[in-house]
Amino acid sequence: MQRGPRNALTDVPGLTVGHAQDDRLKSGVTAILCDPPAVAAVSIIGGSPGTRETDLLEPHNSVQTVDAICLAGGSAFGLDAASGVQAALRAMGRGLKVGPAIVPIVPAAILFDLNNGGDKNWGTYAPYRDLGYTAAMAATSDVATGTIGAGTGANTATVKGGLGTASTVLANGITVGALAAVNPLGSATVGDTACFWAAPFELDDEFGGRGLPMPLPANATAIRTKLDAVTPMANTTIAVIATDVSLTKAEAKRLAVAAHDGFSRALWPSHTPLDGDLIFAVSTGRRPGNLSPADFLSLCAAAAATMARAIARGVHDATPAEGDIKPCWRDLRPTSP
């Protein structure tokens, strides 16, 4: 497998990504816009999700496509961000047309970053609606990573989290892209080292090229979580997996399920009762569908690997900011390569 030219979700044609954040707040929003509207589904495996408009993504429900996906910090307050994305799309004249009405379809998910050292004294209304509008209006093919957008206030058990993305081009020409806001209960790195659990899937040293420590340290599989810190409930990794091949909603659902293997490969532990781990799947339909079983299996495997890489890149690319409660990956003093 090889990565796409941008190594980003936007290597899937039809998708753009915009970020907005408030550094004082230590939180933000990422909007993924679909032009034209794209088939979408969702798989929620974590035990503490926060979502909006996810029921309509089930294969048996009527709406077939979405106009955007919204990822935000702010816990339940962050769900307001989808209203801002909706407003931006409506201003663009984009959305589901129902007679003279235009209704942008924007499923959303949030992560918990309220106790991360930022100033959350926002007054009567949280700022996420305005951040959502700004993120949607800023959408482009270039995807910034690290301490930005929905990953602005993210943390792992050991270091800062962040916003990561990656892409893969399969031998048959199909492209798969992933984007993740990485804020897990667990850790993305192995024991006390700076090595990533996702290392076996790394392409072109995209997150440091350290590989796995050999032999694995004795504490490699010790469970390190935020339960040992001051913010035990500050969790959840939320993500998007996308492809340019045409999929039905049921096939997109299966792709989202498969991409969760990337969480398991990149985070230890993952899918806990205190994480709201969630993946949206998006198909832009630029390539014909009707994949053979072998080709669909390859797509699902690539989705998992690409997701693992996106998660590691989000942590790798995080940058320091005033008031941080965790160091950045770049500040680790590893005990092995």
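A short reminder: the numbers here are calculations on the coordinates, not readings from a lab. From a predicted model like this one, the values you see are computed outputs, not experimental measurements. Ideal geometry is used to build each Cβ from the backbone, glycine not excepted, and the neighbour counts take in all protein chains shown.
Taking a Cβ cut-off of under 10 Å around A234, the surrounding Lys, Arg, Asp and Glu residues balance to a net charge of 0, with basic ones at +1 and acidic ones at -1.
The distance separating the Cα centre of region 44-94 from that of region 98-174 comes to 11 Å. Here each label is just a point 7 Å from Cα along the line to Cβ, and for D142 and N121 those points are 3.7 nm apart. Membrane-span-like helices in the chain (whole DSSP H runs, Cα extent of at least 18 Å along the helix axis, mean Kyte-Doolittle hydropathy of at least -0.5): 249-266, 293-316. The packing ranking, built from the mean of other Cβ atoms within 10 Å per residue, places the peptides 68-74, 117-123, 252-258 in the order 68-74, 252-258, 117-123, highest first. Does region 45-193 classify as rounded, prolate or oblate by the C-alpha gyration tensor (a ≥ b ≥ c root eigenvalues; a/c under 1.5 gives rounded; else a/b over b/c gives prolate, otherwise oblate)? Judged from the Cα gyration tensor, region 45-193 comes out oblate (a/c at least 1.5, b/c at or above a/b). The trypsin sites (Lys or Arg not before Pro) of region 1-82 that meet both conditions, a loop assignment by DSSP and at most 16 other Cβ atoms within 10 Å of the site Cβ, are R6, R24. For region 71-220, averaging the sequence separation of C-alpha pairs within contact (under 8 Å, six or more residues apart) and dividing by the residue count gives a relative contact order of 18 percent. Taken along the Cα-to-beta-carbon direction at a fixed 7 Å, the label points for R90 and L332 span 4.5 nm.
The equivalent ellipsoid that matches the C-alpha gyration tensor of region 175-246 spans semi-axes of 25, 20, 8 angstrom, in descending order. The Rg/Rh ratio of region 1-77, with both radii computed over alpha carbons and Rh defined as the Kirkwood radius, is 1.00. Add +1 for every Lys or Arg and -1 for every Asp or Glu among the other residues with Cβ under 12 Å from the Cβ of A198, and state the total. Spelling it out: positives minus negatives among the neighbours equals +1. The stretch between D204 and R6 holds 70.0 nm of extra length on full extension. This uses 0.36 nm per residue minus the Cα-Cα distance. By the gyration tensor of its Cα atoms, with a ≥ b ≥ c the square roots of the eigenvalues, what is the shape of region 171-292: rounded for a/c under 1.5, prolate for a/b over b/c, or oblate? Oblate, because a/c is 1.5 or more while a/b does not exceed b/c. For A72, what is the net charge nearby, where nearby means another residue's Cβ is under 15 Å from its Cβ and Lys, Arg count +1, Asp, Glu -1? Neighbour charge sum, excluding A72 itself: -1. Would you kindly give the portion of the calculated P(r) for region 17-62 that falls above 12 Å, as a percent of all Cα pairs? It works out to 75 percent of all Cα pairs. Over the chain, what is the relative contact order in percent, taking alpha-carbon pairs closer than 8 angstrom and at least six residues apart? Relative contact order comes out at 25 percent.
Computed on region 172-302, with alpha-carbon pairs under 8 angstrom and 6+ residues apart, the relative contact order is 33 percent.
Can you spot the lysines whose alpha carbon is less than 28 Å from K249's alpha carbon? Ignore those fewer than 8 places along the same chain. Within the straight-line cut-off, K249 pairs with K97. Given in Å, the Rg to one decimal and the Dmax to the nearest whole number for the Cα atoms of the chain are 18.4, 65. Only helical runs count toward this figure. For the chain, summing -39,500 (n - 2.57) over DSSP H runs of n ≥ 4 and dividing by all residues gives -6000 deg cm²/dmol at 222 nm. From the Cα gyration tensor of region 110-248, with a ≥ b ≥ c the square roots of its eigenvalues, which class applies: rounded if a/c is under 1.5, or else prolate if a/b is larger than b/c, or else oblate? Judged from the Cα gyration tensor, region 110-248 comes out oblate (a/c at least 1.5, b/c at or above a/b). Ranked by the mean number of other Cβ atoms within 10 Å of their residues, highest first, the peptides 213-220, 140-147 come out as 140-147, 213-220.
Between T221 and N172, the modelled label-to-label distance comes to 3.5 nm, taking each label 7 Å out from Cα in the direction of the beta carbon.
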